[in-house]
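The values are calculated or read from the model by the stated rules, or taken from the named source; none is laboratory data. As the structure is a prediction and not an experimental result, all values here were calculated from the model. Neighbour counts are summed over all protein chains in view; Cβ atoms, including those assigned to glycine, are modelled from backbone coordinates with ideal geometry.
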Amino acid sequence: MMNSHERVIAALQRQVPDRVPILEWFVHPKVYQTIIPGSNWADFVDQIGLDAIVAHFMFEGTFKEERIDDKTLVNEWGVVFGVTAEHKAPIEGPIKTLADLRRYTPPDPQAPHRLGNLPDYVKRFKGKKAIVWCQRAEFMWAAELCRLDDFLAFMIEQPRLVHEVLDMVNEFAIALARRAVRAGAEVIMLGDDIAYRTAPMISPQMYNEFIRPRLARIVQAIHDEGAFVVKHSDGNLWPILDMIISTGIDAINPLEPVAEMDIGEVKRRYGDRVCLIGNIDCGDLLSYGTPDQVRRMVRETIRTAGVGGGYIVSSSNTIHSAVKPENYCAMIEETHRVGTYCPDHQGQLLLWCDHQREEL
């Protein structure tokens with residue numbers, strides 16, 4: 001029997017573990033503290049049976065923030081955010097021209113606080129659970145520096161500015177990822193969202209010009225350090241998925257079903273090249289469905305994506321505050337219950353139910 005660490009590594013290598021792994025890159029404290037009162041993130045991961053611990057740049061205090069007023073703050077990048085009780089969103093950035101860029105100094109990737117709780121997670125979970133560090137690669141940090149709508153327009157109006165901002169951010173991201181791996185992270189999740197539910201934010205031609213070369217560069221740097229790469233982006237990625245996978249990533253996440261990311265089709269086209277992570281709908285299903293509906297979807301998704309290995313159960317984005325705690329528990333429990341691989345049949349799964357075994 002494998003432990004959690006071995007299970008995730010096997011899946012990322014598109015091999016067959018003892019059972020389908022499960023991980024989540026973010027669970028809202030409202031959810032996990034309802035399930036296990038008084039727990040912190042690391043305690044929850046340990047006690048509930050997730051197979052990886054994720055340290056995330058957005059939730060680990062990795063970039064200092066200063067309040068401007070009750071409704072706004074500014075971070076170390078100089079990006080201004082609007083703030084609500086549960087959410088913050090970028091509303092303005094410091095770079096609009098090449099002159100702005102020449103005056104700009106990015107954050108220091110070597111700052112002592114930059115890795116958040118990652119060192120603590122390494123000390124606690126090394127060799128027991130897969131240790132994942134989540135950061136960005138190029139697109140969204142650069143877009144926030146210019147403000148997203150302006151950044152997209154600048155791809156046409158000021159392409160030189162866009163290239164230079166992307167290069168600056170990519171250099172920072174590579175340095176941070178190298179540092180995370182050297183601190184003990186075994187998997188780097190690159191979390192730049194670049195698509196809406198209907199299509200990518202930019203054309204395939206623009207993706208190929210502006211984004212693909214930088215993603216390939218950081219993927220190579222992470223591989224050179226000996227770690228795996230998971231590419232995360234919400235939305236409909238079909239028009240650019242070939243290019244994303246051509247960069248050499250090890251896994252793709254989160255494969256939103258509401259964005260037409262049919263996991264069976266992704267498995268058919270790319271399952272021999274990348275591990276698949278995600279696809280359990282965190283919108284309607286986990287927020288408004290019943291535990292039985294969640295269990296049914298977990299079984300169907302494992303049946304579709306799990307055969308032959310190379311699949312990790314996860315939500316289609318995050319376990320946000322509107323997810324019903326009982327539904328998330330059902331998702332975890334059903335994965336543990338039905339995700340066992342049969343040692344007698346290569347890559348086949350067993351459904352354990354009422355003390356009987358049925359091949360999925």
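Within segment 297-314, being β-branched (Val, Ile, Thr) and either surrounded by fewer than 24 Cβ atoms within 10 Å (Cβ to Cβ) or part of a helix (DSSP H, G or I) (or both) holds for Val298, Thr301, Ile302, Thr304, Val307. Selection of segment 111-148 for residues being out of contact with any helix residue (DSSP H, G or I) (no Cβ under 9 Å at 6 or more places or on another chain) and over 20 Å from Ile53 (Cα atoms) yields Ala111, Pro112, Arg147. Just so you know, in segment 251-292 the residues that are among the polar types (S, T, N, Q) and buried (at least 16 other Cβ atoms within 10 Å of the Cβ) include one that is farthest from Val323 (Cα to Cα), and it is Asn253. For segment 48-56, check the following and say yes or no: at least one residue is free of Cβ contacts under 8 Å to residues at least 24 places away in the same chain, under 30 Å from Arg303 (Cβ atoms) and hydrophobic (A, V, I, L, M, F, W, C). No, segment 48-56 has no match at all. Residue pairs whose Cβ atoms lie under 7 Å apart, sitting 6 or more positions apart in sequence or on different chains, and linking a residue in segment 211-226 that is on the phi > 0 side of the Ramachandran plot and in contact (Cβ under 8 Å) with a residue 12 or more places away in the chain to a partner that is assigned to a helix (DSSP H, G or I) and buried (at least 18 other Cβ atoms within 10 Å of the Cβ), are Gly226/Val181.
One line per residue, one yes/no per condition, for (1) polar (S, T, N, Q); (2) in contact with an Asp or Glu (Cβ under 8 Å, 6 or more places away or on another chain):
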residue: Ala153; (1), (2): no, no
residue: Ala173; (1), (2): no, yes
residue: Arg179; (1), (2): no, no
residue: Gly184; (1), (2): no, no
residue: Ser203; (1), (2): yes, no
residue: Ile211; (1), (2): no, yes
residue: Val230; (1), (2): no, yes
residue: Asp242; (1), (2): no, no
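Could you check segment 70-109 and list, in sequence order, the residues that are at pLDDT below 95 and acidic (Asp, Glu)? Asp70, Glu86, listed by residue number. Where helices (runs of 4 or more DSSP H) fall wholly inside segment 109-223, the ranges with 3 or more residues that are within 23 Å of Trp238 (Cα to Cα) are 139-146, 148-157.
Before we move on, is Leu241 aliphatic (A, V, I, L, M), touching a residue at least 24 places away in the same chain (Cβ under 8 Å) and touching a strand residue (DSSP E or B) at 6+ places or on another chain (Cβ under 6 Å)? For Leu241, the condition - aliphatic (A, V, I, L, M), touching a residue at least 24 places away in the same chain (Cβ under 8 Å) and touching a strand residue (DSSP E or B) at 6+ places or on another chain (Cβ under 6 Å) - is not met. Would you pick out the residues in segment 92-125 that are in contact (Cβ under 8 Å) with a residue 60 or more places away in the chain, closer than 24 Å to Gly82 by Cα and loosely packed, with under 13 Cβ neighbours inside 10 Å? Matches in segment 92-125: Thr97 only. Residues in segment 64-99 that are over 14 Å from Leu145 (Cα atoms) and either of a type in the set (Phe, Trp, Tyr) or in contact with a Phe, Trp or Tyr (Cβ under 7 Å, 6 or more places away or on another chain) (or both): Thr72, Leu73, Lys88. Among the residues of segment 213-226, the one identified as surrounded by fewer than 24 Cβ atoms within 10 Å (Cβ to Cβ), over 16 Å from Phe139 (Cβ atoms) and of a type in the set (A, V, I, L, M, F, W, C) is Ala221.
Residues in segment 61-76 that are assigned to a strand (DSSP E or B) and more than 17 Å from Trp141 (Cβ to Cβ): Glu66, Arg67, Ile68, Asp69, Thr72.
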